[in-house]
Structure formats: C-alpha cells, structure tokens
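Participant: Structure provided below as structure tokens; questions to follow.
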Amino acid sequence: MLRIFLLLLVSNVAFSQTSFQNKLSSAAIALTKQKVEYDPAYFTIDYPNGDVPIGKGVCTDVVIRAYRKLGIDLQKKVHEDMIAHFDKYPKLWKLKQPDKNIDHRRVQNLMMFFSRFGVVKPSSIQAKDYVPGDIVCWDLGKGIVHIGLVVDRKSEDRQRYLIVHNIGRGQVLADCLFQFKIIGHYTYGG
C-alpha cells in the first residue's frame, strides 16, 4: 500500500511539473503577441510586482513576464534572496547592496537565482535535452549574455523546440537554441 502511495505521489509531482512547464510555455508564447521595443534603460519600478513600462523590455523581461503570468514575482524572489545572500551574486555592476529596480533584470543574477532554487540541467548540444518551460542562457560574445524560454513549438525541420526571447526585435518566437554558446540551462517551478 505504501509503495502504491509513493508511486502516485511521484507521478503527481511529475504531472504538476509538466503542467507548470506547459503553462509557462503558453505564457511565453502569449508575450509574442505584444509589441515590445528593446530598451535596456534603467527604470524605477514598483515593488513588488514592478515592471518596466508597457511596450519596453529586454531578454530578462520575457522570463519575468512569463513567470508573472503564472503568479510568480521574480523581482521579489530575486530581491529577497539578494538581501539575504548578496555575497553569492555577481559583482559585475559594483553595487554595494541589492537594487529592486534592476537586479532581477540582469541575466547573471537570474542564472544565480535559478541555480540556487531551480534545477540546473546539462548545457548540451542535444535538442532532446531542451523541453518546453526550460530556461536557457547564452554567451553572445564580448561579455554579452542572453536568456530565453523554450516553448512547445517546433522548428521547421521538427528537430528542436523554439525559443521566446528578446534580442533586439521585441518578444519573438525564434529557432535559435543552438545559435550561440549555451552557458546555462534551468527549470524553475516557483
């Protein structure tokens, strides 16, 4: 009886994660219907649940907005963790304390947060390793990093899932999984 209960418990956890991942994928795809201009400017925003002005954003805002559609405020979660563990986060911006307006909008900070609270997955070159709801980070070269979400739409050749991201042309759906060097691969369920 205990074994049956444990099997049911494990299958429910797997089902919940799959269901969450599918919802995240759908939330990301919905973002592509909104016109957004790439704008990396610093904005003073509300806290919690703050967002940059409608119609503006960068790659991290795609991830933040998709999670927000599912009731998860990455601004608050990242900020609270940075208050408690500032020493664990990158010091690339020479800040002496967390900044609720921008910290969650930095790829390196999201990578640290997801590695602390999500599941770190292999950064492989195998398309089968990337499933809808996964978060992928890339090194674009010259110190520039990027982030996007894997969604449940397939490439034209049906070999890999597509990505929703913003690399300068707004929140778009693209076949770019292996276009750049992958430096992070995560799953985070909130």
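Participant: Show which lysines lie in cross-link reach of Lys121 when reach means a straight Cα distance below 16 angstrom and same-chain residues fewer than eight apart are skipped.
Facilitator: The reachable lysines, counting only those whose Cα sits under 16 Å from Lys121, are Lys181.
Participant: Additional query: Hey, if you drop one equal point scatterer on each alpha-carbon of segment 12-103 and run the Debye formula without solvent, what base-10 log of I(q)/I(0) do you get at q = 0.10 Å⁻¹?
Facilitator: Reported log10 I(q)/I(0), two decimals: -0.32.
Participant: While we're on this one: Relative to the present Cα-Cα distance, how much length would full extension add between Asp87 and Leu173 at 0.36 nm per residue of separation?
Facilitator: Numbers: separation 86, 0.36 × 86 = 30.96 nm, distance 3.52 nm.
Between Asp87 and Leu173, full extension yields 27.4 nm more.
Participant: Taking DSSP loops as anything outside H, G, I, E and B, show the longest stretch in the chain free of trypsin sites (Lys or Arg not before Pro) there with at most 12 other beta carbons within 10 Å. All intermediate terms of the calculation are to be shown ahead of the outcome.
Facilitator: Details: sites that count: Lys33, Lys35, Lys91, Lys94, Lys96, Lys142, Arg158, Arg169.
The reported range is 36-90.
Participant: Work out the P(r) tail for segment 73-190: percent of alpha carbon pairs separated by more than 20 Å, whole number. Display every interim value, and only then the final one.
Facilitator: On the way: 3026 of 6903 pairs.
Across segment 73-190, Cα pairs with separations above 20 Å total 44 percent.
Participant: Give me the distance between the Cα centres of segment 33-94 and segment 129-167, rounded to whole Å.
Facilitator: For segment 33-94 versus segment 129-167, the Cα centre distance is 19 Å.
Participant: Apply 1/(1 + (r/R0)^6) to the Cβ-Cβ distance of Ser26 and Lys142, taking R0 = 30 Å, and write down the FRET efficiency to the nearest 0.05. If you can, show how the numbers build up before the last one.
Facilitator: Working: r = 34 Å, r/R0 = 1.13.
Efficiency, rounded to the nearest 0.05: 0.30.
Participant: Where in the chain are the helices, taken as whole DSSP H runs, whose Cα atoms extend 18 angstrom or more along the long axis and whose Kyte-Doolittle mean reaches at least 0.5?
Facilitator: Values: long enough: 2-31 (44 Å, 1.08).
Qualifying helices, which must be both long enough and hydrophobic enough, are 2-31.
Participant: Compute, for the chain, the length of the dipole vector about the Cα centre, with Cβ point charges of +1 (Lys, Arg) and -1 (Asp, Glu) only. Units Debye, rounded to 20.
Facilitator: Values: 27 positive and 18 negative charges, 23 e Å.
That gives a dipole near 120 debye.
Since every read-out is calculated from the coordinates, none of them should be taken as a lab result. Here the structure is a predicted model, which means the values were calculated and not measured. Cβ atoms come from the backbone with ideal geometry, glycine included; neighbour counts cover every protein chain shown.
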